[in-house]
Amino acid sequence: MDARIHQLEQENRELHETLTALQSNNKKHCSTCTQTDVYVEHFNVESVSNSKIKNLFQYYTGITYLRFLMLISFLFPNGTLSNVNPVTYDSNREEVKRLPVDQQVFLFLCRIRNGLQVKDLACRFNIKIQRVSTILKGISKYMYLRLGSLSYWPHRSVFIQNMPSVYKEEFPNCVAIIDCTEIKIQKPSSLLCQSQCYSEYKSANTLKSLVVCDPRGSILFVSDLYCGSISDNDICVKSGFYEYLESLKQRGYLHPGDSIMADKGFRIEDKLAEMGLKLNIPPFATSAHSMSAANVTLTRKIAAHRIHVERAINQIKCFKLFSRKIPVSLLHTINEYWVCASLLTNFQDPLVKQP
């Protein structure tokens with residue numbers, strides 16, 4: 001028995017020495033690792049931005065590191081090291097505050113840009129799953145209010161100055177392009193919700209939003225999400241789009257005779273006419289007469305420029321959280337996610353680069 005105990009003690013000492021050697025080698029390896037290595041335990045703003053992997057930070061967030069710093073300076077004008085955290089959290093604020101606010105924004109961007117799951121984020125940032133959910137809710141609401149407080153509609157003179165040359169030649173008074181888009185959601189358990197969210201166009205349960213962009217594809221206005229059964233005309237009313245146009249007109253940002261470009265689904269000529277504005281839509285064909293050559297040309301011109309709003313919408317949907325069906329558990333926060341992602345596309349390069 002004594003011999004067996006002595007043997008086990010010897011094996012234990014050898015295993016301990018082996019473990020100590022492995023830990024020492026691991027520390028040496030971590031201290032000499034190159035900047036291209038981004039380990040899960042060191043996944044943060046600094047490690048990703050310093051990586052030599054090309055555009056890694058933009059891959060995770062959708063924006064460059066420099067523009068991320070601009071975003072942070074706007075969201076937190078008092079600095080990220082300030083003792084005053086303006087974000088409102090549901091609970092456990094003291095524990096959440098241990099993660100700096102710039103890291104929290106980075107976590108939120110990783111969530112919406114790449115659709116990373118909560119467990120994945122908890123592992124990467126080395127925090128509890130409950131803390132990730134608390135951070136996402138707090139940051140999304142805060143960014144929704146801060147980004148939504150800005151006016152993205154420039155003065156009319158800025159529009160004209162930066163219009164693409166072809167657009168300026170063909171539609172010199174058309175200042176914006178509008179369209180609606182839908183994102184699919186899981187079928188709600190409530191029959192009433194199913195009926196309200198069912199989209200005939202998509203043949204699925206969806207949420208719908210109005211998106212307005214300028215001739216270069218930058219977002220000027222994005223509405224909240226509405227049930228998928230709403231029509232294009234109704235969403236223009238409920239989203240406050242007309243009130244927004246009226247306020248722009250009163251401030252001189254729009255002039256009588258300016259126009260909005262849309263597709264045939266928007267029958268809003270009367271509403272715009274009340275404000276002295278016009279609607280540019282493709283002409284309607286009739287069964288009795290074939291479309292004239294002038295109308296065919298106009299249709300092609302409108303289609304060539306209206307595609308920019310579709311490209312802008314696609315730019316929003318490059319945030320992968322919206323590329324799959326939204327689970328019912330996210331419906332209480334998806335509106336903030338959608339608006340934030342839409343407005344964050346303005347931190348990217350414009351779709352039409354040539355003036």
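Okay, here's what the table says:
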{"item": "Residues (basic (Lys, Arg) and either under 15 Å from the mean Cα position of the chain (by Cα) or crowded, with 21+ Cβ neighbours inside 10 Å (or both)) located in region 299-349", "result": "ARG311, LYS317, LYS320, ARG324"}
{"item": "Unmet criterion (only one of (1) over 18 Å from CYS236 (Cα atoms); (2) at pLDDT 95 or above) for ASN335", "result": "(1)"}
{"item": "Residues of region 310-323 satisfying the condition of being in a helix (DSSP H, G or I), touching a residue at least 40 places away in the same chain (Cβ under 8 Å) and of a type outside the set (Phe, Trp, Tyr)", "result": "GLU310, ARG311, ALA312, ILE313, GLN315, ILE316, LYS317, LYS320, LEU321"}
{"item": "Residues that are among the hydroxyl-bearing types (Ser, Thr, Tyr) and either touching a Leu at 6+ places or on another chain (Cβ under 8 Å) or on the phi < 0 side of the Ramachandran plot (or both), drawn from region 199-221", "result": "SER199, TYR201, THR206, SER209, SER218"}
{"item": "Among (1) more than 23 Å from PHE319 (Cβ to Cβ); (2) crowded, with 16+ Cβ neighbours inside 10 Å - the single one PHE108 does not satisfy", "result": "(1)"}
{"item": "Matching entry among PHE57, PHE68, PHE74 (being in a helix (DSSP H, G or I), farther than 13 Å from CYS110 by Cα and not acidic (Asp, Glu))", "result": "PHE74"}
{"item": "Residue match in region 137-154 (condition: part of a helix (DSSP H, G or I), over 20 Å from ILE316 (Cβ atoms) and modelled with pLDDT under 90)", "result": "no"}
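The values are calculated or read from the model by the stated rules, or taken from the named source; none is laboratory data. Here the structure is a predicted model, which means the values were calculated and not measured. Every residue, glycine among them, receives a Cβ derived from its backbone with ideal geometry; neighbour counts consider all protein chains shown.
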